[in-house]
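Enquirer: The structure's right below; bear with me while I get my questions together.
Taken together, the values in this text are just the output of simple stated rules run on the coordinates, not laboratory data. What you see is a predicted model, and the numbers here were worked out from it, not measured in a lab. Positions of Cβ are generated from backbone atoms using ideal geometry, with glycine treated the same way; all protein chains shown enter the neighbour counts.
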Amino acid sequence: MKPAPFRYHSPGTLDEALALLAEHGAGAKVLAGGQSLGPMMNMRLAQPDALVDINAIAGLDYVREHEKTIEIGALTRHHAIATSPLVRAACPLLAEAARQIGHYAIRQRGTIGGSLAHADPAAQFPLACATLGAEITAAGAGRTRTIAASEFFLSLMSTALEPEEIIVSVTLPKAPTSEGQAYVQFSRRRGDFAIVALAATVRPDAGGHIDQVRLGVGGATDRPMVLAELADCTRGEKADSGWAARLAKAAYDAVAPIDTPRVPAEFRRELVHVLTRRVLVTALERARR
Amino acid sequence: MDTVDFELSVNGERHAVRAEPRKLLTDVLREDCRLTGTHVGCEHGVCGACTVLVDGRPARACLLYAVQMRGHEITTIEAIAKDGVLSPLQQALHEVHGLQCGFCTAGIVMTFEAYLKENPRPTEEEIRDVLSGNLCRCTGYQNIVEAVLKVVHA
Ligand SMILES: Cc1cc2nc3c(=O)[nH]c(=O)nc-3n(C[C@H](O)[C@H](O)[C@H](O)COP(=O)(O)OP(=O)(O)OC[C@H]3O[C@@H](n4cnc5c(N)ncnc54)[C@H](O)[C@@H]3O)c2cc1C
Ligand code: FES
Ligand code: FES
């Protein structure tokens, strides 16, 4: 199928892009990697009047290290994130998640900004960013603001972003050396969207007890879900497989997944149970290394 | 809707194109440039048949508007065999029966053209992971994996 007609703009600067979005209003769409927008337009699920292609804007494609954080430009491709030595060292969960997005060719073009703006509830980056407590920076005409990932994803493919805003970067905390991180997902075929995905960070203290845990579930509900209270409750427990099993059972009880024709809610709940234990054990093992 | 005029660089040759911005790169390659080796299976990024190289990196031509490709270099399957001599992967696919109807083959060759440059010594597991982005309805994949392994171990 072919896309409906649109006007095409390829601005060279962010300011020009923002001016174009302000001018066209909600009828315009930002075009980044086109790996989600392209299919939607070909299937005519999206029919924007105008596309503002941001690929020619310099300075949106980078990974930068700060003292306590890393900052990733919105136009950075999935493949670059998956293979960046900096991301792999400072934010291993993000790199591990990026490696599992779709397929090799898709990862060459898809961008982190596009993935966050698209906000598929089963997508890797929204889950990783929500779990890690990332901050998303968006530019609008005349102002730039930072939105916590926890407040960014509103529901299925809906975010806190205004139509005339462009995501410019994402900032994530660097993992301390004592922390282990892991991302696991279940999908029926390699490269398919996850049916359920789990992300976790585990920080044991010197005595082998849980100091800090972060746990996020993707694919189960209409947006990535961070189980902060459940995870906090286990602080001080002995870091062992019993702890992981208990927290997995608590996650199973807490998550009420969506029911879809091909994937019944109970199947998703079982996956939450199994994958939570797996992601916690993996993250803990990595913390001890 | 208005058309735009632009130049496209495909396999080192310049093509003057007049097309609506919505015209997909697949359609411009096939209809305007008359390069029909790039196949179209699904038009939503899933099957991989339309995979070409953009500045050396694999991309779905069905998810690109041709107008976006100004200033970029596109490589299609037509440029892979040199002077009638098949590339190592094309030759291996031929030898181990890695294709039947051939509909998927161009996309697979283009994908691995780029991948093997990045990772010349992949494991079978890595090959299968990359191949997951290209659907083949005939071969059952086994012989395609074998063909890539043959190139890797050559
Ligand atoms: C076969 C296939 C398999 C896939 N599998 C997966 C998968 O397993 N997991 C996964 O997560 N994704 C998957 N994807 C989607 C892929 O990751 C996309 O790259 C991603 O969802 C969107 O990023 P993009 O850069 O391609 O954005 P685009 O498609 O260009 O845009 C997507 C949306 O975001 C908006 N947008 C883009 N950039 C910005 C910005 N900087 N600021 C504001 N708005 C912006 C656009 O207007 C549009 O609404 C798959 C895609 C395909 C074709
Ligand atoms: S036609 Fe482009 S991926 Fe199927
Ligand atoms: S050989 Fe027929 S689709 Fe692959």
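Enquirer: Treating the angle as unsigned and between 0 and 90°, give the value, to the nearest 10°, between the Cα long axis of helix B:105-118 and the longest Cα principal axis of chain B.
Expert: 80 degrees
Enquirer: Let a ≥ b ≥ c be the square roots of the eigenvalues of the Cα gyration tensor of the protein assembly as shown; is it rounded (a/c under 1.5), or, if not, prolate (a/b larger than b/c) or oblate?
Expert: Working: a/c = 1.99, a/b = 1.36, b/c = 1.46.
Note, shape of the protein assembly as shown comes out oblate.
Enquirer: Please work out how much length the chain gains when fully extended from A:Ser155 to A:Arg64, using 0.36 nm per residue of separation minus the C-alpha to C-alpha distance, in nm with one decimal. Can you show the working numbers first?
Expert: Numbers: separation 91, 0.36 × 91 = 32.76 nm, distance 2.98 nm.
Contour length minus the Cα-Cα distance gives 29.8 nm.
Enquirer: Could you check which residue among A:Lys68, A:Lys174, A:Lys29 shows the biggest mean-square fluctuation in a GNM of chain A with a 10 Å Cα cutoff?
Expert: A:Lys68
Enquirer: For a 25 Å ceiling on Cα separation, which of these pairs sit above it: A:Lys2/A:Lys29; A:Lys29/A:Lys68; B:Lys117/B:Lys150; B:Lys82/B:Lys117?
Expert: Values: A:Lys2/A:Lys29 17 Å; A:Lys29/A:Lys68 34 Å; B:Lys117/B:Lys150 15 Å; B:Lys82/B:Lys117 17 Å.
From the list (A:Lys2/A:Lys29; A:Lys29/A:Lys68; B:Lys117/B:Lys150; B:Lys82/B:Lys117), the Cα-Cα distance tops 25 Å for A:Lys29/A:Lys68.
Enquirer: Using Cα atoms only, what is the angle between the long axis of helix B:142-152 and the major principal axis of chain B, expressed in degrees (0 to 90) to the nearest 10?
Expert: Rounded to the nearest ten degrees, it is 90.
Enquirer: Quick one: Cα centre-to-centre distance for segment B:53-105 and segment A:232-289, in angstrom?
Expert: Each part reduced to its Cα centre gives a spacing of 43 Å.
Enquirer: Tell me what chain A gives for mean residue ellipticity at 222 nm when only DSSP H runs of n ≥ 4 count, each as -39,500 (n - 2.57), the sum divided by the residue total, rounded to 500 deg cm²/dmol. If you can, show how the numbers build up before the last one.
Expert: Values: 12 runs with 107 residues, N = 289.
After summing the helix terms and dividing by the residues of chain A, the value is -10500 deg cm²/dmol.
Enquirer: In a GNM of chain B with a 10 Å cut-off on Cα contacts, which of B:Ala59, B:Ala79, B:Ala49 has the highest mean-square fluctuation?
Expert: In the Gaussian network model the winner is B:Ala79.
Enquirer: Now for a separate question. What is the fewest-to-most order of A:Val217, B:Val4 by other Cβ atoms lying within 10 Å of their Cβ?
Expert: Details: A:Val217 28, B:Val4 16.
By the 10 Å Cβ count, ascending: B:Val4, A:Val217.
Enquirer: Subtract the Cα-Cα distance of A:Ala46 and A:Asp253 from 0.36 nm times their separation in residues, and report this length gain in nm to one decimal. Before the final figure, lay out each step's value.
Expert: On the way: separation 207, 0.36 × 207 = 74.52 nm, distance 3.72 nm.
Fully extending the segment from A:Ala46 to A:Asp253 adds 70.8 nm.
Enquirer: Per the helix-only calculation at 222 nm, which mean residue ellipticity applies to chain B, given -39500 (n - 2.57) for every DSSP H run of n ≥ 4 and division by its residues, nearest 500 deg cm²/dmol? Show your work: numbers first, answer last.
Expert: Numbers: 4 runs with 41 residues, N = 154.
Per the formula, -8000 deg cm²/dmol.
Enquirer: How high is the FRET efficiency between B:Glu126 and A:Ala141 when r is their beta carbon distance and R₀ equals 35 Å, given to the nearest 0.05? Walk me through the numbers on the way to the answer.
Expert: Details: r = 45 Å, r/R0 = 1.29.
E(calc), rounded to 0.05, equals 0.20.
Enquirer: Between A:Pro126, A:Pro257, A:Pro176, which gets the highest mean-square fluctuation from a Gaussian network model of chain A, Cα cutoff 10 Å?
Expert: A:Pro176
Enquirer: Note the full-extension length gain between A:Ala148 and A:Val274 as 0.36 nm times their separation in residues minus their Cα-Cα distance, in nm to one decimal.
Expert: Values: separation 126, 0.36 × 126 = 45.36 nm, distance 2.88 nm.
Net length gain for the segment: 42.5 nm.
Enquirer: What's the angle, to the nearest 10 degrees (0 to 90), between helix A:241-254's Cα axis and the longest principal axis of chain A?
Expert: The answer is roughly 50 degrees.
Enquirer: Can you give the relative contact order of segment B:1-125 as a percent, counting alpha carbon pairs under 8 Å and 6+ residues apart?
Expert: Working: 198 pairs, mean separation 32.7, N = 125.
Once normalised by length, the contact order is 26 percent.
Enquirer: Between segment A:1-56 and segment B:121-154, how far is it from one alpha carbon centroid to the other, in angstrom?
Expert: The distance from the Cα centre of segment A:1-56 to that of segment B:121-154 comes to 36 Å.
Enquirer: A follow-up question, please. I'd like the FRET efficiency for A:Glu23 and A:Ala56, computed as 1/(1 + (r/R0)^6) with the beta carbon distance as r and R0 of 30 Å, rounded to 0.05. Present the calculation step by step, with values, prior to reporting the outcome.
Expert: On the way: r = 18 Å, r/R0 = 0.60.
For A:Glu23 and A:Ala56, the calculated efficiency is 0.95.
Enquirer: Let me ask another. For a quick check of your reading of the filter: which trypsin sites (Lys or Arg not before Pro) in segment B:1-87 sit in a DSSP loop and have no more than 11 other Cβ atoms within 10 Å?
Expert: B:Arg34
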